[in-house]
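To start, the structure itself, in structure tokens.
The values are calculated or read from the model by the stated rules, or taken from the named source; none is laboratory data. Fair warning: this is a prediction, and the values are worked out from it, not measured in the lab. Neighbour counts run over all protein chains shown; Cβ positions are idealised from the backbone, glycine included.
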Amino acid sequence: SQVFGFVRQSGGHIKIYSEVGHGSTIKVYLPRAYGDDRQASPRRIPALARGGSPAEIVMVVEDEERVRNFSTEALRELGYTVIHADSGPAALAMIDAGQDVTLLFTDIVMPEMNGRQLADEAMKRLPGLKVVYTTGYTRNAVVHNGVIDPGTNFLAKPFGIDQLAAKLREVLDG
């Protein structure tokens, strides 16, 4: 879903061919970039996007290790204190052990316990907890399937560090 989301956001498309006994072929088509062939300059995060503070504790809950690591490192770079868990039950165990959390940043689709179930349980334990959901599925898909409510704080995958910074500041300051 992440690859599909990235390709669609880039204006491309994907073709998948599969044949029993022969395997599968996946073709990714991205739009051609026209322009001069300059080297990209190193990416810098604008000072305004760095609104995080070590006093703001973000719990990242994501079952996919690479995505969890990216989110954790990006949030630390933005100045937040970050803790992480690979499942809903692991996150709740941390909270039950006394871990304070300012904002829960959770994947929606996970085994054992989905992000909505985790958020509901976590908010019972930590009233006032802020929540941001993320998934590779579109907002419409998760809203129409009853996983999250319309108007819920949501950040679609794949996301960049600027989008992550803006969404967290919006939720924490709102």
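Across region 8-60, the number of residues qualifying as in a loop (DSSP other than H, G, I, E, B), surrounded by 12 or more Cβ atoms within 10 Å (Cβ to Cβ) and modelled with pLDDT under 75 comes to 3. For region 123-142, the criterion of being small (Gly, Ala, Ser), within 15 Å of residue 62 (Cβ to Cβ) and modelled with pLDDT of 95 or more is satisfied by no residue at all.
Could you identify the single residue in 105, 159, 70 that is at pLDDT 95 or above and of a type outside the set (Lys, Arg)? Among 105, 159, 70, only 105 is at pLDDT 95 or above and of a type outside the set (Lys, Arg). Condition check: within 17 Å of residue 156 (Cα to Cα), charged (D, E, K, R) and surrounded by fewer than 17 Cβ atoms within 10 Å (Cβ to Cβ). Does residue 64 satisfy that? In short, yes.
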